[in-house]
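Engineer: Let me begin by handing over the structure; questions about it come next.
The values are calculated or read from the model by the stated rules, or taken from the named source; none is laboratory data. Treat the numbers as computed from the prediction; the structure is a model and nothing was measured. Cβ: placed from backbone, ideal geometry, glycine included. Neighbour counts: every protein chain shown.
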Amino acid sequence: MRFPAIAPASRAQKLDWLTFINGKLIFTYAAPTLADLPLYQDFLQARYTTIGRAEHGLSARRGRCHGVFPEHRSPTVLPPSGQALEDWIEYVAVVLPTAAQCSPFHGSCADSVE
């Protein structure tokens, strides 16, 4: 059984998932949704800056790059190890919570999530 990276659709499974990420993990795991995919893609693009670097960093977990970052999807299950796991954990532990704090009332946070 692999840990779902995004909350399951089933209400009961989602409640269990939320209980786990909010109480059992030793790091922040902001609950991402499919609507957060563009931010994840921006994070990967800022991290790797070029397709060549992305291929090197991402090929082991997601298959080969096809030339554009938007083709990289959010993982459906937590990556098992390596750079893929490090990228995802940094995204849910740092990038997503930082973005959640940004709003028109807090000013621009664009530079803080890259």
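Engineer: Looking only at the range 79-114, filter to residues that are at pLDDT 90 or above and of a type in the set (Asp, Glu); which one of those is surrounded by the most Cβ atoms within 10 Å (Cβ to Cβ)?
Structural biologist: If we take residues in the range 79-114 being at pLDDT 90 or above and of a type in the set (Asp, Glu), then 87 is surrounded by the most Cβ atoms within 10 Å (Cβ to Cβ).
Engineer: Regarding the range 8-28, can at least one residue be identified that is buried (at least 16 other Cβ atoms within 10 Å of the Cβ) and at pLDDT 85 or above?
Structural biologist: The answer is yes, given that some residue of the range 8-28 is buried (at least 16 other Cβ atoms within 10 Å of the Cβ) and at pLDDT 85 or above.
Engineer: Continuing with the same structure: Across the range 1-25, what is the number of residues that are hydrophobic (A, V, I, L, M, F, W, C) and closer than 19 Å to residue 98 by Cβ?
Structural biologist: Within the range 1-25, the first condition is being hydrophobic (A, V, I, L, M, F, W, C), and the residues that meet it are 1, 3, 5-7, 9, 12, 15, 17-18, 20-21, 25.
With the extra rule that they be closer than 19 Å to residue 98 by Cβ, the set shrinks to 5-6, 21, 25.
Going through the range 1-25 one residue at a time, the tally reaches 4.
Engineer: Right, here's the next one. I need the full set of residues from the range 63-78 which are modelled with pLDDT under 85 and farther than 18 Å from residue 45 by Cβ, in order please.
Structural biologist: Within the range 63-78, 76 is the sole residue that qualifies.
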